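Report on one structure; see the data block that follows.
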Amino acid sequence: ELVGVEGVREAYATGKGSFKVRATVEITKVSSRKMGLVIKELPFTIGPEKIVERIADLAKAKKIQGISDIIDLTDGKTGTNVVIELKNGFEPETVLEQLYKLTPMEDAFAINAVALVKGKPQTLGLKELLQVFIAHRIEVVRRRSEFRKAKATARLTLVDGLLKAIIDIDKVIKIIRGSDDAAQAKEALIKGFKLNDDQATYILDMPLRRLTKMSKLELESEQKELKATISALMTLLKSEENIKAQVSEELTAVGKSFATPRKTKISSS
């Protein structure tokens with residue numbers, strides 16, 4: 001349980017703040033004659049064994065009154081389950097307040113939200129953090145899209161060259177085998193099939209066996225897909241609004257995939 005909203009509000013507004021987190025405790029009968037406290041949740045980083053040891057030490061030193069027994073029933077299936085049996089005549093609420101005060105059942109957490117903004121560390125409130133993060137995601141999507149567009153364009157160039165070459169594969173083989181060296185073969189391919197340097201180099205680097213097995217239909221299908229991909233990426237990169245829409249779509253998907261209900265209750269006091 002998170003206690004006190006002011007600390008959280010300050011941290012969200014300014015980037016700095018602190019707040020307290022308390023264990024979740026049920027006040028209930030633990031035997032036919034005795035009341036007790038059952039710890040069901042503990043602050044982050046605090047384990048039940050630490051709490052049991054601390055309470056036992058405090059009870060032994062008589063710094064906490066009213067505890068007759070403490071049993072740790074925590075396991076992997078049921079989670080945290082520490083049962084504190086109270087002596088008759090002691091108010092559970094009073095004992096609980098002592099436990100919050102003297103044990104890690106109540107712990108303080110500090111927030112210092114620092115982010116790198118244009119290479120420099122800055123302390124930012126939640127709104128500013130989100131603005132910086134969204135700006136970062138916009139840049140990520142832009143750069144990623146530019147990279148994918150460049151990659152698809154480069155591949156399309158090679159596919160276009162292959163489609164030109166396989167129209168007369170026998171001529172390609174004749175040029176390659178009849179040339180004295182790679183430079184002569186490249187020049188002949190560029191001239192004979194109207195290829196550019198990258199296309200001719202790619203064909204020369206490819207084993208002839210693989211080149212002769214190239215399927216025109218498969219290459220045309222890949223060509224069509226590449227053109228569609230490039231067109232979509234060009235549309236995306238055309239305006240800032242398109243990129244923002246893509247960022248929104250991706251973050252919405254992340255929210256749906258990883259969203260979990262709030263686990264820590266927030267109380268004013």
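If you average the sequence gap of Cα pairs under 8 Å that are 6 or more apart and divide by the length of the stretch 31-177, what percent do you get for the contact order?
20 percent
If you wrap a convex hull around the C-alpha atoms of the stretch 1-56 and split its volume per residue, what is the figure in Å³?
For the stretch 1-56, the hull spanned by Cα atoms encloses 93 Å³ per residue.
For the chain, just the Cα set please: Rg and Dmax, both in angstrom.
34.5, 107
Under a 5 Å amide H to amide H cut-off, with H placed in plane at 1.01 Å, what residues pair with Gly4 once short-range neighbours are removed?
Ser267, Ser268, Ser269
In percent, what relative contact order does the stretch 126-258 have, based on Cα pairs under 8 Å that are 6 or more apart in sequence?
Averaging sequence separation for qualifying contacts and normalising by length gives 37 percent for the stretch 126-258.
Holding the Cα-Cα limit at 20 Å, pick out from Lys20/Lys60; Lys40/Lys101; Lys62/Lys87 the pairs that are longer than that.
As for pairs spanning more than 20 Å Cα to Cα, those are Lys20/Lys60.
Charges on Cβ only, +1 for Lys and Arg, -1 for Asp and Glu, centred on the Cα centroid of the chain; of Leu163, Ala135, Ile39, which one is farthest towards the dipole's positive end?
Leu163
Separation of the stretch 186-222 and the stretch 76-146 by C-alpha centroid, Å?
If we compute the Cα centre of each part, the gap is 59 Å.
Of Gly192, Pro48, Phe147, whose Cα points farthest to the positive end of the dipole of the chain (charges on the beta-carbon: +1 Lys, Arg; -1 Asp, Glu; origin at the Cα centre)?
The residue sitting most towards the positive pole is Gly192.
If you scale each eigenvalue of the Cα gyration tensor by 5 and take the root, what three semi-axes come out for the stretch 2-112, rounded to whole angstrom and sorted largest first?
Equivalent ellipsoid semi-axes, largest first: 28, 15, 13 Å.
Just to be sure I understand the rule: take each whole DSSP H helix in the chain, project its Cα atoms onto its long axis, keep it if the span is 30 Å or more and its mean Kyte-Doolittle hydropathy is at least -1.0. Which ones pass?
Sorted by number, the helices that extend far enough and score high enough are 126-166, 216-238.
Would you work out the charge dipole size for the chain about its Cα centre, treating the Cβ of every Lys and Arg as +1 and the Cβ of every Asp and Glu as -1, and quote it to the nearest 20 debye?
Around 380 debye, computed over the chain.
As an exercise, use a Förster radius of 51 Å and the Cβ-Cβ distance of Met206 and Lys265 to find the FRET efficiency, rounded to the nearest 0.05.
0.20
Measure up Lys244/Lys265; Lys194/Lys224; Lys194/Lys238; Lys127/Lys244; Lys171/Lys194; Lys118/Lys149 against 23 Å on the Cα-Cα distance and list the ones that go over.
Exceeds cut-off: Lys244/Lys265; Lys194/Lys238; Lys118/Lys149.
Given the convex hull of the Cα atoms of the stretch 126-258, what is a quarter of its surface area in nm²?
Averaged projected hull area, Cα only: 11.2 nm².
Full-extension gain between Lys77 and Ala135, please, as 0.36 nm times their residue separation minus the C-alpha to C-alpha distance.
Contour length minus Cα-Cα distance gives 16.6 nm.
Is there a quick way to get the dipole size of the stretch 2-112? I mean about its Cα centre, with the Cβ of Lys and Arg at +1 and of Asp and Glu at -1; what is the value in debye to the nearest 20?
So the magnitude is around 180 debye.
Evaluate the distance, in nm, between pseudo-label points positioned 7 Å from the Cα of Lys20 and of Ala228 along their respective Cα→Cβ axes.
Each label point lies 7 Å from its Cα, and together they span 6.1 nm.
Test of understanding: what is the full-extension gain from Val38 to Leu116, defined as 0.36 nm times their sequence separation minus their Cα-Cα distance?
Gain on extension, Val38 to Leu116, equals 23.7 nm.
So for the pair Lys256, Phe90, with labels modelled 7 Å out along Cα→Cβ, what separation do we get in nm?
Result for the modelled spin labels: 5.3 nm.
Can you work out ³J(HN,Hα) from phi for every residue in the stretch 18-26, in order, using Karplus 6.51 cos²θ - 1.76 cosθ + 1.60 and θ = phi - 60°, giving whole Hz and x for Gly and Pro?
9, 8, 10, 10, 10, 5, 8, 10, 9
Coordinate-derived values only; no laboratory data. Remember, predicted model here, so these are calculated numbers, not experimental data. Reconstructed Cβ throughout: ideal geometry from the backbone, glycine too, with neighbour counts over all protein chains shown.
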